[in-house]
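Single-structure report; data block below.
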Amino acid sequence: MSLHIVDKLPALDDIRVFVTAARLTSFARAAEQLMVSPAYISKRIKLLEENLGLTLFYRSARAISLTLEGETVLRTGVQMLQDLDTMKNELMACRDETRGLLRISCSTGFGTEYLNPFILSLRERYPLLDIDLTLVDRAIDIVTENVDLDICLGGSIPEQYIARRIAANVRVFCAAPAYLERRGCPVHPQDLEQAHDCISIRERNQHPASWKVECEGESLAITPNSQLSVNNGNVAKQWCLGGQGILLRSIWSVRQELEQGTLVRVLPQWQQTADVYAVYSRTTQSSAKLRVFIENLEQYLRDQLALDAPV
């Protein structure tokens with residue numbers, strides 16, 4: 001059998017069968033140990049030899065022995081299987097360490113849309129991790145309210161806490177077609193101070209009295225003419241859909257309505273940065289369960305969100 005370039009890795013089961021047969025110097029004894037038939041052993045080793053393009057055993061009527069190439073595969077195969085067992089043990093140890101209670105807080109909208117399905121998927125992998133999730137549309141003091149982790153979007157974060165950015169997010173201006181037909185479309189953010197009706201959100205640590213927005217490096221703070229305000233983003237969106245005014249809302253929250261045309265983006269060159277942060281105290285930063293939660297959430301949001309894509 002001539003040497004050729006391996007175009008795919010051999011199956012780990014074939015490596016395990018080979019190592020067992022090589023150590024026992026018998027296909028029959030390997031079959032007994034692995035509780036399979038001798039024919040199965042012969043088939044798997046033949047497939048391995050074909051995959052590698054190598055003869056691994058000298059075969060005779062009475063015995064088998066390793067070729068030079070077979071000795072190399074045995075040495076490296078044993079190491080592969082040991083490394084695999086080490087990886088499994090480390091993963092099990094990590095899984096066992098990730099236990100106990102985590103108290104998480106988040107706004108109602110983002111928590112319902114993203115944290116809820118994320119926690120369900122995380123629990124499948126870490127069943128010993130208990131979650132106490134609080135969804136509330138007001139600012140959270142994680143120390144006095146005994147919260148391990150607060151997931152927040154934008155706003156100011158107290159300096160005594162650690163804030164880790166885990167996803168990008170922007171807020172955009174939008175309005176219902178009926179409102180724009182009735183009132184026209186603003187041409188500059190300052191038009192929102194008097195010439196248009198606005199809907200403000202008093203959600204978490206957002207300040208409804210001022211909207212700070214950016215456009216190609218230019219920053220501007222405006223005081224919207226807010227005829228309506230509410231502490232819940234979903235209610236504010238329903239008012240906006242009803243044609244009550246212009247809303248500044250996270251792109252993830254209004255993406256579907258913008259795509260369907262039930263809302264229209266206005267002043268599209270202007271937006272507000274409102275990235276997603278994991279906020280926790282310095283006393284909990286070394287927690288294994290907190291690290292597992294944050295790292296998995298960051299990966300989950302990277303996979304689920306297309307927050308920087310144009311609408």
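Summary table
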read-out	value
10 Å Cβ shell holding at most 14 others, DSSP loop, GluC sites (Glu not before Pro): longest site-free stretch of the chain	1-144
Signed unit charges on C-beta, dipole axis of the chain, positive-most listed residue Gly100, Leu153, Ser65	Ser65
Semi-axes of the equivalent ellipsoid for the range 103-180, Cα gyration tensor, largest first, Å	26, 19, 12
Candidate lysines for bridging to Lys289, where Cα separation is under 30 Å - those fewer than 8 sequence places away on the same chain excluded	Lys88
Under the span-like rule (Cα at least 30 Å along the axis, Kyte-Doolittle mean at least -1.0), DSSP H helices of the chain	68-97
Value at 222 nm in deg cm²/dmol, rounded to 500, when DSSP H runs of n ≥ 4 in the chain each add -39,500 (n - 2.57)	-12000 deg cm²/dmol
Förster radius 51 Å - calculated FRET efficiency between Gln82 and Glu214, Cβ distance, rounded to 0.05	0.40
At most 14 other Cβ within 10 Å, DSSP loop - trypsin sites (Lys or Arg not before Pro), the range 130-178	Arg138
Cys185-Ser156 FRET efficiency (beta carbon distance; Förster radius 30 Å; 0.05 resolution)	0.45
Probe 1.4 Å - accessible area at Cys215, Å² to nearest ten	20
The chain: antiparallel DSSP beta bridges as a percent of all, rounded to 5	65
Under-5 Å amide H pairs with Asp197, H placed in peptide plane, nonlocal only	Ile246
Answer label, with Cα Rg over 2.2 N^0.38 Å calculated from the coordinates and candidates (i) 1.54; (ii) 1.20; (iii) 0.98	(i)
Rh by Kirkwood over Cα pairs, then Stokes-Einstein D for the range 229-309 at 1.567 mPa s and 4 °C, µm²/s	84
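The values are calculated or read from the model by the stated rules, or taken from the named source; none is laboratory data. All values reported here derive from a predicted model rather than from experimental measurement. Heads up, the Cβs are rebuilt from the backbone with ideal geometry, glycines too, and the neighbour counts pull from every protein chain shown. Note: areas computed on protein heavy atoms with side chains; ligands, DNA, RNA excluded. Shrake-Rupley method; radii C 1.70, N 1.55, O 1.52, S 1.80 Å.
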